[in-house]
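K.L.:
Submitted below is the structure of interest, expressed as structure tokens.
The values are calculated or read from the model by the stated rules, or taken from the named source; none is laboratory data. Only a predicted model underlies this, so the values are computations on that prediction, with no experimental measurement involved. Cβ placement follows ideal geometry from the backbone for every residue including glycine, while neighbour counts extend to all protein chains displayed.
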Amino acid sequence: MSMPAKSIPAERDSRRFWRHPALGFLELRETRDGREVSYARHSHDSVSLGAVTGGRSLYEYQVQGEHFTTRMVSRGDVVAMNPGEVHACNPCGDAPWSYVMFYLDPDWLATLQRRHANELAGGFRPLAWHHWRDPGLHAALVALARRLFSAAASPATLAGECERLFGALMARGELFRQQPPVDTPALAEVVAYIRAHCSEALTLEHLAALAGVSPAHLVRRFKRSYGITPHAYLTDCRVRQGQIALKRGEPIAEVALACRFADQAHFQRAFKRLTAITPHRYRAVTSPPASAHSPVAPVPYRD
């Protein structure tokens, strides 16, 4: 017997989340009223690919080596974020908006790129575009989201449908960068150091010394390129590390301390600000079920 998916019933809330242990390369989120959520600038380890299904939103995004910018996206747009790229999508005033968002394992997508686009061995080749109009892809993303939430097919069938859709997307070479963005070596070193040592005590002075600049100069350069300060990026990395631990079902208090937050309350505030969901709810809908043979009760998404 296969493990059931974890999802949130639509009638209980305007937001729902889907994950299945047999489809470990994919998570799915739907928000039916974006006015209920607000995100600080943040990033993901996954490749994020979504479809705006209603209304409009302000999409802030950053590409390493380039500038941070804001664009309005609306119903019919496809939006994308590469791993590690800082971004945020938030309402335009009180205007409603809705979307579905797929969070995809970049290693899984890299396998599809090699298979369908004759890519050489290596990691995921990043997307060149952050938003575009593609009615066919938009409709396919929305249809796949509906299939996953409906739980009307077996995991094997759903995995095949995911591979067909995203395999076809990976074969479209025009959507992907031909060359990686050029980041300044000093900033690249700081970013890599923060990611590798985010669970340690880091100071702005130490990071500035790595870059060979003053702390104030590092903050200005970092914010110009990434849209957030080094401290905000460090918090983002710690939250992402916390997400990994919560998916394993680890206790929230232990996760908070392991990720170098002062206490559980500090972790909860940062987590909610960057992910629009509390650690408790996130762990409930993403951690493995206690038994592969027991049903998983729907978990309310309301915080």
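K.L.:
Filter the stretch 1-38 for residues that are part of a loop (DSSP other than H, G, I, E, B) and modelled with pLDDT of 75 or more and give the result. I'd like the intermediate steps shown before the answer.
P.N.:
In the first step, residues of the stretch 1-38 are kept if they are part of a loop (DSSP other than H, G, I, E, B); the result is 1-5, 8-9, 13-14, 20, 24-25, 32-33, 37-38.
Residues satisfying the conditions are Ser14, His20, Gly24, Phe25, Arg32, Asp33, Val37, Ser38.
K.L.:
What is the one condition in (1) acidic (Asp, Glu); (2) outside any helix (DSSP H, G or I); (3) closer than 28 Å to Ala211 by Cβ that Glu189 does not satisfy?
P.N.:
The number of the failed condition is (2).
K.L.:
So how many residues does the stretch 77-107 have that are buried (at least 19 other Cβ atoms within 10 Å of the Cβ), among the hydrophobic types (A, V, I, L, M, F, W, C) and in a loop (DSSP other than H, G, I, E, B)?
P.N.:
1
K.L.:
Going through the stretch 235-294 one residue at a time, which ones are more than 26 Å from Ala22 (Cα to Cα) and among the basic types (Lys, Arg)?
P.N.:
Arg238, Arg260, Arg269, Lys272, Arg273
K.L.:
Does any residue of the stretch 230-237 turn out to be closer than 28 Å to Arg281 by Cα, under 18 Å from the mean Cα position of the chain (by Cα), assigned by TED's automatic domain parsing to the domain that holds Leu274 and without any contact (Cβ under 8 Å) to a residue 24 or more places away in the chain?
P.N.:
Taking every residue of the stretch 230-237 in turn, none turns out to be closer than 28 Å to Arg281 by Cα, under 18 Å from the mean Cα position of the chain (by Cα), assigned by TED's automatic domain parsing to the domain that holds Leu274 and without any contact (Cβ under 8 Å) to a residue 24 or more places away in the chain.
K.L.:
For the stretch 189-227, how many residues are under 22 Å from the mean Cα position of the chain (by Cα) and either surrounded by 13 or more Cβ atoms within 10 Å (Cβ to Cβ) or more than 22 Å from His44 (Cβ to Cβ) (or both)?
P.N.:
13
K.L.:
I'd like the full set of residues that are in contact with a Pro (Cβ under 6 Å, 6 or more places away or on another chain) and assigned to a loop (DSSP other than H, G, I, E, B), limited to the stretch 39-50. So that I can check it myself, show each step before the final result.
P.N.:
Initially, the stretch 39-50 is screened for residues in contact with a Pro (Cβ under 6 Å, 6 or more places away or on another chain), giving 45, 47.
The answer is Asp45, and nothing else.
K.L.:
Next up: If you take the residues in the stretch 51-76 that are outside any strand (DSSP E or B) and touching a residue at least 24 places away in the same chain (Cβ under 8 Å), which one is surrounded by the fewest Cβ atoms within 10 Å (Cβ to Cβ)?
P.N.:
So, considering only residues that are outside any strand (DSSP E or B) and touching a residue at least 24 places away in the same chain (Cβ under 8 Å), the one surrounded by the fewest Cβ atoms within 10 Å (Cβ to Cβ) is His67.
K.L.:
Look through Ala216, Ala153 and report the one residue that is free of Cβ contacts under 8 Å to residues at least 12 places away in the same chain, at negative phi and not in a helix (DSSP H, G or I). Give the derivation first.
P.N.:
Details: Ala216 fails: not in a helix (DSSP H, G or I).
Result of the check over Ala216, Ala153: Ala153.
K.L.:
Suppose the filter is modelled with pLDDT under 95 and either among the hydroxyl-bearing types (Ser, Thr, Tyr) or surrounded by 17 or more Cβ atoms within 10 Å (Cβ to Cβ) (or both); does His130 pass it?
P.N.:
Values: modelled with pLDDT under 95: yes; either among the hydroxyl-bearing types (Ser, Thr, Tyr) or surrounded by 17 or more Cβ atoms within 10 Å (Cβ to Cβ) (or both): yes.
Taking the combined requirement at face value, the residue satisfies it.
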